1. Inside region 39-57, can you point out the residues that are touching a Leu at 6+ places or on another chain (Cβ under 8 Å) and either surrounded by fewer than 16 Cβ atoms within 10 Å (Cβ to Cβ) or not in a strand (DSSP E or B) (or both)?
2. Quick one: what pairs do we get from region 138-159, first residue closer than 14 Å to Leu93 by Cα and without any contact (Cβ under 8 Å) to a residue 24 or more places away in the chain, second assigned to a strand (DSSP E or B) and polar (S, T, N, Q), C-beta under 9 Å, 6+ apart or different chains?
3. Among the residues of region 1-34, write down those that are within 22 Å of Gln84 (Cβ to Cβ) and touching a residue at least 60 places away in the same chain (Cβ under 8 Å).
4. For the structure I just gave you, tell me whether Val66 is β-branched (Val, Ile, Thr), at pLDDT below 95 and closer than 25 Å to Ala6 by Cβ.
5. Looking at region 11-48, which of its residues are modelled with pLDDT of 95 or more and more than 16 Å from the chain's Cα centre (by Cα)?
6. Determine whether region 110-124 contains at least one residue that is at pLDDT below 95 and of a type in the set (Lys, Arg).
7. If you go through region 21-37 one residue at a time, do you hit one that is buried (at least 19 other Cβ atoms within 10 Å of the Cβ), over 27 Å from Asn132 (Cα atoms) and of a type in the set (Ser, Thr, Tyr)?
8. Kindly list, by first and then second residue, each pair from a residue in region 35-56 that is closer than 9 Å to Tyr24 by Cα to a residue that is assigned to a strand (DSSP E or B) and of a type in the set (Gly, Ala, Ser), limited to pairs with Cβ atoms under 6 Å and residues at least 6 apart or on different chains.
Amino acid sequence: MRLKQALEKIKGNKEIKALENQGYFLNSCIAMMKYSDAEPESWTLTYFSNATELVSAVNVNNGVDVKQPARATSKTTRKLDLKQVKVFDKNVLEKSKQAFEKGFRTSSKQIILTLSHTGNRLLWSANFVTPNLELVIIKTDAETGEAISKTKESLTAPV
């Protein structure tokens, strides 16, 4: 399912309208998928309230499942302005997979794709989980399609 399809599915949803009427706004879009898949099967859209500092996850696949608000892990968040998004998930996935295959000597079975604000930029982040528990992160500007960064981090490194 493409992100545009997920956003279309939630239009007119009464539970989401109720959240928006309480001051919640869309602040991120997240999909987890197999590396071999052409597109995600589902999306999780997060709605945040500055007033309550709560977040509600909305799972979109065959239907729409709105979860009860819970404490947010991050208190600094911004509303997603989807009009700014010029480069969508299909293009980002294709380019990120190419960059991953070309620039990193490892494989991946899972991809976590997110759309959110980082600083003043609206960014796509393609996170490739490798067999030796590393995370290869490829960030792309959602307006221009410019590759911003390519990094590798260990998931097992001490914190």
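1. Glu39, Pro40
2. Once the first residue is closer than 14 Å to Leu93 by Cα and without any contact (Cβ under 8 Å) to a residue 24 or more places away in the chain and sits in region 138-159, its partners that are assigned to a strand (DSSP E or B) and polar (S, T, N, Q) give Lys139/Thr118; Lys139/Ser125; Lys139/Ser149; Lys139/Thr151; Glu146/Thr140.
3. Across region 1-34, the qualifying residues are Met1, Arg2, Leu3, Lys4, Leu7, Asn27, Ser28, Cys29, Ile30, Ala31.
4. No.
5. Answer for region 11-48, where residues must be modelled with pLDDT of 95 or more and more than 16 Å from the chain's Cα centre (by Cα): Asn13, Lys14, Glu15, Ile16, Lys17, Ala18, Leu19, Glu20, Asn21, Gln22, Gly23, Tyr24.
6. Yes.
7. yes
8. What qualifies is Tyr47/Ser56.
The values are calculated or read from the model by the stated rules, or taken from the named source; none is laboratory data. Not measured: the values here are computed from a predicted model. As a convention, Cβ positions derive from the backbone with ideal geometry for all residues, glycine included, and neighbour counts pool all protein chains shown.
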